[in-house]
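Below: one structure, written as structure tokens.
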Amino acid sequence: MKIDVLRPLGLRLGIMFAAFVAVAGCSRNSEDQAPKTVYDYFTIKIGDKAVRLQFAVHPVEQQQGLMQRRDLGTNDGMIFVYEKPQSMSYWMRNTPTPLDIGFFDAEGTLLEIYPLLPFDETPVKSRTDRLKFAVEMNQGWFRDNGVRPGAKLDIPAVAEAMKARGFKPTDYGFRP
């Protein structure tokens, strides 16, 4: 008789434990998950074109950029996010893939586009000091996709990606 009493009790405890684990697992939200890294891609629109961008935010990530990369997909690139508007200057040290760089202001408006040649260490400097974002894509991407100065970067999607990376968007000038 003792065994019959314990068996249902053990079964009930096992079911309760399994239910607790299942509920606890379901209640996890994105804030509980580990932040994404510079290696993760986020879908962001530039104009009406969706691209997959990696986010370089920390200075060490920005210094590395797309160096040594030969595996950039057709609609893949990297966005460099800065805390404050500034002038920008980029070069292609140790970068074998020909790229284009688009410079965007704080409102996400594309202001300037320049070609970047493989391994060229000549700085490519912006004309304005109002820039907040730089986007590197395969060379010809902007032209081939009809993305010209005046096109808009999807700022709310950029802010969400920044959150997923573990950054506070307001620290980078994004409005709540």
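The values are calculated or read from the model by the stated rules, or taken from the named source; none is laboratory data. Note that the structure is predicted; figures quoted are calculated from it, not measured. Note: ideal-geometry Cβ built from the backbone for every residue, glycine included; neighbour counts use all protein chains shown. Just the protein is used for accessible areas: all its heavy atoms, side chains included, with ligands, DNA and RNA removed. Shrake-Rupley method; radii C 1.70, N 1.55, O 1.52, S 1.80 Å.
Here are some notes:
- Flag for Thr122 being closer than 17 Å to Ile79 by Cβ and open to solvent by 20 Å² or more (accessible area, probe 1.4 Å): no
- Top-ranked residue of region 20-75 - restricted to ones that are modelled with pLDDT of 95 or more and aromatic (Phe, Trp, Tyr), ranked as least open to solvent (accessible area, probe 1.4 Å): Phe55
- Residue in region 112-119 that is of a type in the set (Ser, Thr, Tyr) and assigned to a loop (DSSP other than H, G, I, E, B) present: no
- Selection status of Phe133, surrounded by 16 or more Cβ atoms within 10 Å (Cβ to Cβ) and assigned to a strand (DSSP E or B): yes
- Top-ranked residue in region 153-176 [being acidic (Asp, Glu) and open to solvent by 80 Å² or more (accessible area, probe 1.4 Å); ranked as farthest from Gly108 (Cα to Cα)]: Asp171
- Restricting attention to region 137-152, the residues that are open to solvent by less than 10 Å² (accessible area, probe 1.4 Å) and either hydroxyl-bearing (Ser, Thr, Tyr) or part of a strand (DSSP E or B) (or both) add up to 1.
- Single residue of region 103-162 satisfying the filter (touching a residue at least 40 places away in the same chain (Cβ under 8 Å) and among the β-branched types (Val, Ile, Thr)) that is farthest from Phe42 (Cα to Cα): Thr128
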